[in-house]
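Enquirer: Before anything else, here's the structure in question.
The values are calculated or read from the model by the stated rules, or taken from the named source; none is laboratory data. None of these values were measured; they are calculated from a predicted model. Using ideal geometry, Cβ is built from the backbone for each residue, glycine included, and neighbour counts are taken over all protein chains shown. These accessible areas exclude ligands, DNA and RNA; they are computed on the full protein's heavy atoms, side chains included. Shrake-Rupley method; radii C 1.70, N 1.55, O 1.52, S 1.80 Å.
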Amino acid sequence: MSHDKFHRIILPLKNKLFRLAWSIVRNSADAEDIVQDVFVKLWTKNGEWDEIENLEAYCFRAIKNMAFDRVESLSIRKTENIPSESENGVFVDNITPLRKLVETERDTLIYKCIDELSENQKMVFQLREIEGMSYKEIAGTLEISEDLVKVSLFRARNKMKELLLGKQ
């Protein structure tokens, strides 16, 4: 693998991979470490890249596995709010304290509902609704059939709707 291939294929996935890792470990520092570890692992195995059919799906699968390993090894699941845009280094001058409170409450409610989904539903929901992946990409990433992706997403959406309507 050349530097160019790494910069062209892998680095553009950084934010998506971070969000997936964060959705599992719920800790920004741990999520960053996981992404970095996967990048290092991929870089050291650059001779095997031609054997990988879908490099993007491989990256998501590696993040998912490493994040679940991290959660299991720590035996805890931290819950904290989604990092706001201002915490990501983007200057936003129109966020009022009330708006920030509303967004924080909304994000907390959504993630509490997501936590009530089964692990499979959480992963499918995250990859489809937050990352915008296609059914085929999700199936490849999670190594399940497209039909199971569709069923899991349907059930996850219904459960989310039920939970959100019940918590208002």
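Enquirer: Counting just the residues of the range 54-70 that are open to solvent by 30 Å² or more (accessible area, probe 1.4 Å) and free of Cβ contacts under 8 Å to residues at least 60 places away in the same chain, which one comes out nearest to residue 16 (Cα to Cα)? Full working, then the answer.
Expert: We begin by selecting, within the range 54-70, every residue open to solvent by 30 Å² or more (accessible area, probe 1.4 Å); these are 54, 56, 58, 61, 64-66, 68-70.
Remaining after also requiring free of Cβ contacts under 8 Å to residues at least 60 places away in the same chain: 58, 65-66, 68-70.
Values: 58: 13, 65: 15, 66: 15, 68: 17, 69: 19, 70: 18 Å.
Across the range 54-70, the extreme among qualifying residues is 58.
Residues checked against (1) over 24 Å from residue 73 (Cβ atoms); (2) part of a helix (DSSP H, G or I); (3) open to solvent by 60 Å² or more (accessible area, probe 1.4 Å):
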| site | (1), (2), (3) |
| --- | --- |
| 5 | yes, yes, no |
| 9 | yes, yes, no |
| 14 | no, yes, yes |
| 19 | no, yes, yes |
| 24 | no, yes, no |
| 49 | yes, yes, no |
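Enquirer: Output the residues belonging to the range 48-102 that are hydrophobic (A, V, I, L, M, F, W, C) and at pLDDT below 65.
Expert: Our first condition is that a residue be hydrophobic (A, V, I, L, M, F, W, C); within the range 48-102, this holds for 49, 52, 55, 57, 59-60, 62-63, 66-68, 71, 74, 76, 82, 90-92, 95, 98, 101-102.
The answer is 76, 82, 90, 91, 92.
Enquirer: Would it be correct to say that residue 45 is within 20 Å of residue 143 (Cβ to Cβ), within 12 Å of the chain's Cα centre (by Cα) and surrounded by 12 or more Cβ atoms within 10 Å (Cβ to Cβ)? Walk me through how you get there before you give the answer.
Expert: On the way: within 20 Å of residue 143 (Cβ to Cβ): yes; within 12 Å of the chain's Cα centre (by Cα): no; surrounded by 12 or more Cβ atoms within 10 Å (Cβ to Cβ): yes.
So residue 45 fails the test.
Enquirer: Within the range 26-42, track down each residue that is surrounded by 13 or more Cβ atoms within 10 Å (Cβ to Cβ) and either on the phi > 0 side of the Ramachandran plot or among the aliphatic types (A, V, I, L, M) (or both).
Expert: 26, 31, 34, 35, 38, 42 - these are the residues of the range 26-42 that are surrounded by 13 or more Cβ atoms within 10 Å (Cβ to Cβ) and either on the phi > 0 side of the Ramachandran plot or among the aliphatic types (A, V, I, L, M) (or both).
Enquirer: For the range 98-168, give me every one of the helices (runs of 4 or more DSSP H) that falls completely inside it and has 2 or more residues that are surrounded by fewer than 16 Cβ atoms within 10 Å (Cβ to Cβ) and out of contact with any strand residue (DSSP E or B) (no Cβ under 8 Å at 6 or more places or on another chain). Show your work before the answer.
Expert: Details: elements: 119-125, 135-142, 146-166.
Where helices (runs of 4 or more DSSP H) fall fully within the range 98-168 and carry at least 2 residues being surrounded by fewer than 16 Cβ atoms within 10 Å (Cβ to Cβ) and out of contact with any strand residue (DSSP E or B) (no Cβ under 8 Å at 6 or more places or on another chain), they are 146-166.
Enquirer: For the range 1-21, which residues satisfy the criterion of being free of Cβ contacts under 8 Å to residues at least 60 places away in the same chain and either of a type in the set (S, T, N, Q) or within 17 Å of residue 61 (Cβ to Cβ) (or both)? Explain how you work it out, then say what you get.
Expert: In the first step, residues of the range 1-21 are kept if they are free of Cβ contacts under 8 Å to residues at least 60 places away in the same chain; the result is 1-15, 17-18, 21.
Once the filter is applied, which keeps residues that are free of Cβ contacts under 8 Å to residues at least 60 places away in the same chain and either of a type in the set (S, T, N, Q) or within 17 Å of residue 61 (Cβ to Cβ) (or both), the range 1-21 yields 2, 9, 10, 13, 14, 15, 17, 18, 21.
Enquirer: Which residues, counting only those in the range 13-38, are aromatic (Phe, Trp, Tyr) and at pLDDT 90 or above?
Expert: Correct list: 18 only.
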